[in-house]
Each structure stands twice: as C-alpha cells, then as structure tokens.
Amino acid sequence: MELERWTNGGCVANFGVGEDWATLYDIKSANEGKGEATALLIETKKYYEGLGKKFGGSVALNNRMKKIYQRLNIKEYN
C-alpha cells in the first residue's frame, strides 16, 4: 500500500492506495467552511475512480465530514 498526499489551498488529505482501491485516511483544513475539502474530495474521487479504483473514506469524525461523504456519494468505512 502506498500513501498519497493531496492538497488544495489550506486543505491537506492523505490517502491509502492499493491496486484497486483508494481510501481517505485523514483530511485537515486550515480554512474550514471555504469548500476546499469538498473540492479536493471531488477531484480525488474523480481521479481514483477514473483509474478504476474503488473510492471511500475512513470513519467520519464529525457531522460536517459525514455530510460531505453523503453529498459526494463517498463510501464511509466503519
């Protein structure tokens, strides 16, 4: 498994990436509420799914992240 880091403005996200999957492990934003995390997840989901990988995220640690998962149709792993 590889770890890949993506950034967008003040947002940093780390993904575990395998042969046929990619999973968001953690995401932090210095500018909460500005849409940077949402934009980053839209782009990474599009990218990894375009490579044929199953895309998902680790357990949402707050309601804001849970809502982003739901809005973007990102599978939340328990």
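The values are calculated or read from the model by the stated rules, or taken from the named source; none is laboratory data. None of these values were measured; they are calculated from a predicted model. Positions of Cβ are generated from backbone atoms using ideal geometry, with glycine treated the same way; all protein chains shown enter the neighbour counts. Ligands, DNA and RNA are excluded from the accessible area calculation, which covers all protein heavy atoms including side chains. Shrake-Rupley method; radii C 1.70, N 1.55, O 1.52, S 1.80 Å.
Residues that are in contact with a helix residue (DSSP H, G or I) (Cβ under 9 Å, 6 or more places away or on another chain) and either assigned to a helix (DSSP H, G or I) or modelled with pLDDT under 95 (or both) within the stretch 32-58 comprise Glu32, Gly33, Ala37, Thr38, Leu41, Ile42, Lys45, listed in sequence order.
Whenever a residue of the stretch 30-47 is of a type in the set (S, T, N, Q), its partners that are in a loop (DSSP other than H, G, I, E, B), lying with C-beta atoms within less than 8 angstrom and at least six residues away or across chains, give the pairs Asn31/Gly9; Asn31/Gly10. Contact map, the stretch 1-26: residues that are within 11 Å of Phe55 (Cα to Cα) paired with residues that are among the acidic types (Asp, Glu) and modelled with pLDDT of 95 or more, Cβ distance under 6 Å, separation 6+ or inter-chain. Pairs shown: Phe15/Glu4; Val17/Glu4. Within the stretch 1-23, the set of residues being part of a strand (DSSP E or B) and in contact with a Lys or Arg (Cβ under 9 Å, 6 or more places away or on another chain) comprises Cys11, Val12, Ala13, Asn14, Phe15, Val17, Trp21, Ala22, Thr23. Farther than 16 Å from Glu2 by Cα, at pLDDT below 95 and not in a strand (DSSP E or B) - does that describe any residue in the stretch 70-77? Within the stretch 70-77, one or more residues are farther than 16 Å from Glu2 by Cα, at pLDDT below 95 and not in a strand (DSSP E or B). Scanning the stretch 34-47 for residues that are among the hydroxyl-bearing types (Ser, Thr, Tyr) and either open to solvent by less than 50 Å² (accessible area, probe 1.4 Å) or under 13 Å from Ser58 (Cα atoms) (or both) yields Thr38, Thr44. Residues in the stretch 6-33 that are exposed (fewer than 14 other Cβ atoms within 10 Å of the Cβ) and over 22 Å from Asn78 (Cα atoms): Thr7, Gly10, Ala30, Asn31, Glu32, Gly33. The one condition from (1) touching a helix residue (DSSP H, G or I) at 6+ places or on another chain (Cβ under 9 Å); (2) polar (S, T, N, Q); (3) open to solvent by less than 90 Å² (accessible area, probe 1.4 Å) that Asn73 does not meet is (3).
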